[in-house]
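Readers should treat all values here as calculations from the given coordinates under stated rules, not as data from a laboratory. Quick caveat: nothing in here was measured; it's all calculated off a predicted structure. With ideal geometry, Cβ positions are generated from the backbone for all residues, glycine too; neighbour counts draw on all protein chains shown.
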Amino acid sequence: MSRITAARVIVTSPGRNFVTLKIETAEGLHGVGDATLNGRELAVASYLTDHVIPCLIGRDAHRIEDIWQFLYKGAYWRGGPVGMTAIAAVDMALWDIKGKAAGLPVYQLLGGACRDGVTVYGHANGETIDDTIAEALKYKALGYKAIRLQTGVPGLPSTYGVSRDKMFYEPADNDLPTENVWSTPKYLNHIPNLFAAAREALGWDVHLLHDVHHRLTPIEAGRLGKDLEPYRLFWMEDATPAENQEAFRLIRQHTTTPLAVGEIFSNVWNCKDLIQNQLIDYIRATVLHAGGISHMRRIAALADLYQVRTGCHGATDLSPVTMAAALHFDMSIPNFGLQEYMRHTAETDEVFPHGYSFEDGYLHPGDAPGLGVDIDEARAALYPYRRSYLPVNRLEDGTMFNW
Ligand code: CS2
Ligand code: MG
């Protein structure tokens with residue numbers, strides 16, 4: 001028994017907003033969990049403070065699964081991004097406490113290491129194809145084994161995934177949503193040129209990835225996948241919105257480009273049909289938005305039965321607490337595929353001191369007990385919350401579209 005005596009939510013904005021849950025026990029241990037939901041941060045903060053924390057006080061911090069079930073089933077209104085992010089924060093913090101109590105890094109409690117390090121991919125972005133390739137060459141020189149390529153589309157004033165701050169892509173850029181403009185034909189004409197040029201410049205011994213960011217219909221996605229086949233992508237991500245999981249069957253019928261999806265999924269039910277029908281190759285759900293380490297282990301176990309591998313989301317709006325938790329998870333599962341890794345700013349790294357480290361294309365979670373990450377509350381207090389939204393997107397004729 002390790003009684004939970006206190007828990008609180010810390011909101012900080014060292015360049016961008018992060019929501020962190022801190023849980024304390026009677027033994028003097030504490031654990032941290034990430035609760036950041038980009039653009040809807042305070043909804044999760046309130047869900048935790050007003051509805052979850054009162055139920056945690058007095059419980060045994062070691063009963064991770066029981067607390068997970070209590071919060072999931074006990075809400076009656078199950079699932080959804082706000083609720084599942086809140087549960088994830090509790091789950092991460094409790095694994096952190098259990099690791100500290102055992103004196104072991106969390107991956108050891110999850111069955112131990114299945115690999116020596118976690119292969120990650122970086123983001124090469126640029127306004128033009130040449131700029132993107134110049135960025136990609138920098139990642140290659142840093143030792144990255146896999147690189148995601150995004151580029152501006154001629155005729156469109158801005159494109160998702162392309163930023164001014166190269167290493168720190170941040171889409172939540174305004175206190176009210178910025179409006180972007182989109183043209184699918186312009187995009188579809190341009191992207192194969194990017195990958196043709198990339199193979200010329202980067203060769204074939206580095207994995208290349210691309211994120212479509214939910215912008216195509218299934219038949220358009222089938223066509224893009226087919227056009228990209230000569231360049232052997234590691235994956236094509238979020239080719240079409242996935243509310244209708246069946247949509248991926250159509251894409252699959254038309255292309256052998258591997259498919260990845262799931263960064264916005266909240267639970268196993270969002271990907272059950274995609275996995276069981278082998279309609280995807282990589283599941284991108286992550287510990288933060290899909291119910292924590294405990295629930296991600298269920299998703300990964302189901303995926304393993306169908307030769308689907310993981311490719312956890314790891315954008316900068318997931319705090320270093322999530323990055324640490326994701327790395328323990330990635331180390332411990334048999335069907336790990338690839339981990340996204342967008343570096344945080346120096347201010348963010350100072351607020352969240354952590355033990356994970358990058359070397360030669362791999363991340364390692366480190367061997368400190370627990371998750372190996374913490375929050376410096378004094379530093380966090382220097383950066384108050386700032387309302388900020390993700391952009392929205394319209395077609396050239398003004399019709400609202402997917403961002
Ligand atoms: C992107 C994200 O990393 C990715 O693959 O899709 O940057 C996404 O746009 C953000 O996480 C949204 O908050
Ligand atoms: Mg994405």
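Just a few scattered comments:
- When each of R232, R252 is tested for being of a type in the set (K, R) and at positive phi, the lone residue that passes is R232.
- Segment 281-292 residues that are at positive phi, paired with ones that are acidic (D, E) (beta carbon under 8 Å, 6 or more apart): G291/D91; G292/D91
- Matching option when the condition is of a type outside the set (A, V, I, L, M, F, W, C), more than 16 Å from ligand 1 (Cβ to nearest atom) and touching a Ser or Thr at 6+ places or on another chain (Cβ under 9 Å), among K226, K272: K226
- Of A285, A315, A242, A260, all but one fail to be within 15 Å of ligand 2 (Cβ to nearest atom), under 28 Å from L104 (Cβ atoms) and either over 12 Å from the mean Cα position of the chain (by Cα) or not hydroxyl-bearing (S, T, Y) (or both); the exception is A285.
- Members of segment 210-236 found to be within 16 Å of ligand 2 (Cβ to nearest atom), out of contact with any His (no Cβ under 7 Å at 6 or more places or on another chain) and outside any helix (DSSP H, G or I), listed by number: H210, D211, V212, H213, H214, R215, L216, W235
- Checked against the criterion of being in contact with a Phe, Trp or Tyr (Cβ under 8 Å, 6 or more places away or on another chain), in contact (Cβ under 8 Å) with a residue 40 or more places away in the chain and buried (at least 17 other Cβ atoms within 10 Å of the Cβ), segment 218-232 has no qualifying residue.
- Within segment 10-36, being crowded, with 23+ Cβ neighbours inside 10 Å and under 20 Å from T316 (Cα atoms) holds for T12, R16, N17, F18, V19, T20, L21, V32, G33, D34, A35, T36.
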